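J.: Structure below; questions to follow.
Nothing in this text is a laboratory measurement; each read-out follows from the coordinates by a stated rule. This one's a predicted model, so the numbers in the text were calculated from it and none came from an experiment. Neighbour counts are summed over all protein chains in view; Cβ atoms, including those assigned to glycine, are modelled from backbone coordinates with ideal geometry.
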Amino acid sequence: MTTIRALVVADEESKYIWDYFDRSKFRGIDVIISCGDLKPAYLSFLTTMVGAPLLYVHGNHDSRMLANPPGGCDNLELKMQVIKGIRFLGFGGANSRSPKPLHYTENDVARQVVRRMQEISWHGGFDVLVTHAPAHGLGDGEDQFHKGFHAYRSLLDLFSPSYHFHGHQHLNYGSNKRLIEYGATTIYNAFGYSILDLEFDLAPKRKRISYIKARFDWSKTYGRNA
């Protein structure tokens with residue numbers, strides 16, 4: 001069993017962290033995970049002051065970060081990251097037909113997933129999915145803008161990662177849950193901030209997956225969900 005301690009953040013900067021930072025409260029953090037809609041200065045502050053790598057995806061309000069990304073942080077939309085043997089995969093943006101940056105339709109996200117399939121196959125899958133929007137039917141909202149993506153749910157169905165972290169659904173909306181168990185995956189709404197001890201039962205040796213088979217299996221799974 002492998003355990004890593006994570007600081008997960010999304011959607012709202014913590015006044016407690018930013019204005020009254022106490023390093024002793026964040027000892028032992030192995031990774032910081034940002035699920036979007038946070039100021040780039042806040043992310044750079046976190047990785048510097050906590051002293052841990054920060055992995056992020058863009059929220060739908062993060063267009064400013066496209067030109068000025070947070071310093072010292074890794075964008076999971078560009079490349080999967082591996083920390084202590086744990087594989088992190090990420091996608092950003094929210095569900096909208098508006099042609100603004102970081103607003104995507106279901107078809108847009110399906111194409112994003114397909115473009116990452118070769119990388120997923122090479123790594124033999126992934127352990128943690130990080131997104132801004134939730135997966136469809138798993139912690140999302142009823143209005144169009146807060147609906148989750150079928151493409152993410154298909155990834156969960158096919159690869160069964162240990163964890164899925166998302167933002168976008170503010171807990172103060174009223175009906176949203178912090179945690180959902182879905183098969184072998186723990187789904188966690190990262191709104192605000194949390195410090196979590198994540199447990200992984202890692203295989204002694206990861207095997208690469210056939211890219212052609214992964215594409216075929218995902219398309220079949222997505223077809224059932226969409």
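J.: Calculate how many DSSP beta bridges within the chain are antiparallel, expressed in % of all such bridges and rounded to the nearest 5.
T.: On the way: 17 of 41 bridges.
Counting only bridges with both partners in the chain, antiparallel ones make up about 40 percent.
J.: Please work out how much length the chain gains when fully extended from Ala41 to Leu179, using 0.36 nm per residue of separation minus the C-alpha to C-alpha distance, in nm with one decimal.
T.: On the way: separation 138, 0.36 × 138 = 49.68 nm, distance 2.79 nm.
Contour length minus Cα-Cα distance gives 46.9 nm.
J.: How high is the FRET efficiency between Met49 and Lys79 when r is their beta carbon distance and R₀ equals 25 Å, given to the nearest 0.05?
T.: Numbers: r = 24 Å, r/R0 = 0.98.
Approximately 0.55, to the nearest 0.05.
J.: Provide the FRET efficiency to the nearest 0.05 for the Lys220-Thr2 pair, computing r from the beta carbons and using R0 = 25 Å. The partial results should precede the final answer.
T.: On the way: r = 31 Å, r/R0 = 1.24.
It comes to 0.20.
J.: Starting from a Cα-only point model with no solvent, please compute log10 I(q)/I(0) by Debye for the range 2-225 at q = 0.10, 0.12, 0.17, 0.18 1/Å.
T.: -0.41, -0.60, -1.25, -1.41
J.: If the chain between Ser160 and Ala67 were fully stretched, how many nm would it gain, using 0.36 nm times the residue separation less the Cα-Cα distance? Walk me through the numbers before you get to the answer.
T.: Working: separation 93, 0.36 × 93 = 33.48 nm, distance 3.39 nm.
Once the chain is fully extended between Ser160 and Ala67, it gains 30.1 nm.
J.: So for His58, His123, fewest C-beta neighbours within 10 Å to most, what's the order? Don't jump to the answer; show the numbers that get you there.
T.: Details: His58 27, His123 16.
Listing His58, His123 from fewest to most nearby Cβ atoms yields His123, His58.
J.: How about the range 39-106: which trypsin sites (Lys or Arg not before Pro) there are in a DSSP loop, with at most 15 other Cβ atoms within 10 Å of their Cβ?
T.: Details: sites: Arg64, Lys79, Lys84, Arg87, Arg97; in loops: Lys79, Lys84, Arg97.
Taking the range 39-106 and a limit of 15 other Cβ atoms within 10 Å, the loop trypsin sites (Lys or Arg not before Pro) found are Lys79, Lys84, Arg97.
J.: Fewest Cβ neighbours within 10 Å first, please rank Met80, Met49, Met1, Met65 accordingly.
T.: Working: Met80 18, Met49 14, Met1 6, Met65 22.
Placing the least packed residue first, the sequence is Met1, Met49, Met80, Met65.
J.: Just to confirm a number: summing +1 for Lys and Arg and -1 for Asp and Glu over residues other than Ser63 whose beta-carbon lies under 12 angstrom from that of Ser63, what do you get?
T.: Numbers: positive: Arg64, Lys100; negative: Asp37, Asp62.
Neighbour charge sum, excluding Ser63 itself: 0.
J.: Can you put Thr47, Thr2 in order, fewest other beta carbons within 10 Å first?
T.: Working: Thr47 22, Thr2 13.
By the 10 Å Cβ count, ascending: Thr2, Thr47.
J.: Could you check which residue among Pro53, Pro99, Pro161 shows the biggest mean-square fluctuation in a GNM of the chain with a 10 Å Cα cutoff?
T.: Result for the chain, Cα springs under 10 Å: Pro99 fluctuates most.
J.: Just to verify a number: FRET efficiency for Gln118 and Asp19, C-beta to C-beta distance, R0 = 45 Å, to 0.05?
T.: Working: r = 44 Å, r/R0 = 0.97.
The calculated FRET efficiency here is 0.55.
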